[in-house]
Amino acid sequence: MSIAYAISDSLALTHRNLVKNLRNLTIIVWGAFVPILTALLYAFVLGSAIEIPGVSYREYMVVGILVNSVLTASTNTAVGIGEDMKKGLIDRFRSLPIAQPSVLIGRTTSDVLNVVLTVALMALTGLAIGWRIRSSFLDALAGFALLLLFAYAAMWITAWIGVRSKSVEVMANSLYLFLMPLVFVSNAFVPTTGMPGWLRPIAEWNPVSAVVSACRVLFGNMPPATEGAWPMVNPIAATLLYVAVILLIFVPLATRRFKKTVGQ
């Protein structure tokens, strides 16, 4: 099967998923409502008791909320794949002359495009409560691109989970339980310097900490750390490395599992 054929199928399925999601736009909007509400609570309730040297807490935590929002949105990939398999849609795709991996590529591509709306709504909320982009236009653009690239990598992890899961409901709940410690054991909402000695290295090597630090640097909110673990001192390079490793591992895993599931 040619690469051009697979690309054509992937684009067609991306379009199909986008049209489907646009018909249910309220799902995307409501999906953005939770991180927006979280941002408001942190800004006006919890933020009053937290001080970050050199930067206001509202400006500090908005990038953490942005990363949290794209990770939460990435769970839609697993849920969408799980529902398609449960409803027999995958069986219908199997009967069509399409490249099977294009089903996953189309799903992840359309989902990351949907995340653009979530990020836009969250960024506007951040601007409204005091967050500012203090870097150049190109640096800011690179920050948003890095955020979406990380979201795309995370979606391949959830795609692999989605094709393996037998229960959509159990999978959705377990994903949230996994994301909670991943986000909170990081520098998304508080600096890692105040964490216990045994926990700090875990937080600093957490991919979430790397992408949060990288986006803060690119948005001009904070400079890179001068001490600590390598991902904190080199957050942009660390994020790109994490993304590459995730894609190299989970794209083949998800594709292989999908082919096995549909009997190809």
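Label point of Leu117 set 7 angstrom out along Cα-Cβ; within the range 156-196, no amide nitrogen lies under 19 Å from it.
Length available on full extension from Phe184 to Val34: 0.36 nm per residue minus the Cα-Cα distance, which gives 52.4 nm. Within the shell of other residues whose beta carbon sits under 14 angstrom from the beta carbon of Thr125, the net charge comes to +1, with Lys and Arg scored +1 and Asp and Glu -1. Rolling a 1.4 Å probe over the protein heavy atoms of the range 176-257, with every protein chain left in place, gives an accessible area that is 77 percent carbon and sulfur. Under the rule of at least 5 residues apart or a separate chain, name every residue whose amide H is placed under 5 Å from the amide H of Ile52. Correct list: Tyr57. Note on Leu241: accessible area approximately 90 square angstrom, rounded to 10, probe 1.4 Å, nucleic acids and ligands left out. Our estimate of slack between Trp205 and Val233, defined as 0.36 nm per intervening residue step minus the Cα-Cα distance, is 9.0 nm.
The values are calculated or read from the model by the stated rules, or taken from the named source; none is laboratory data. Computed from a prediction, not measured in an experiment: that's the story for all the values here. Don't worry about glycine lacking a Cβ; one is built from the backbone with ideal geometry, like all the others, and counts go over all protein chains shown. Surface areas here come from the heavy atoms of the whole protein model, side chains and all, with no ligands, DNA or RNA. Shrake-Rupley method; radii C 1.70, N 1.55, O 1.52, S 1.80 Å.
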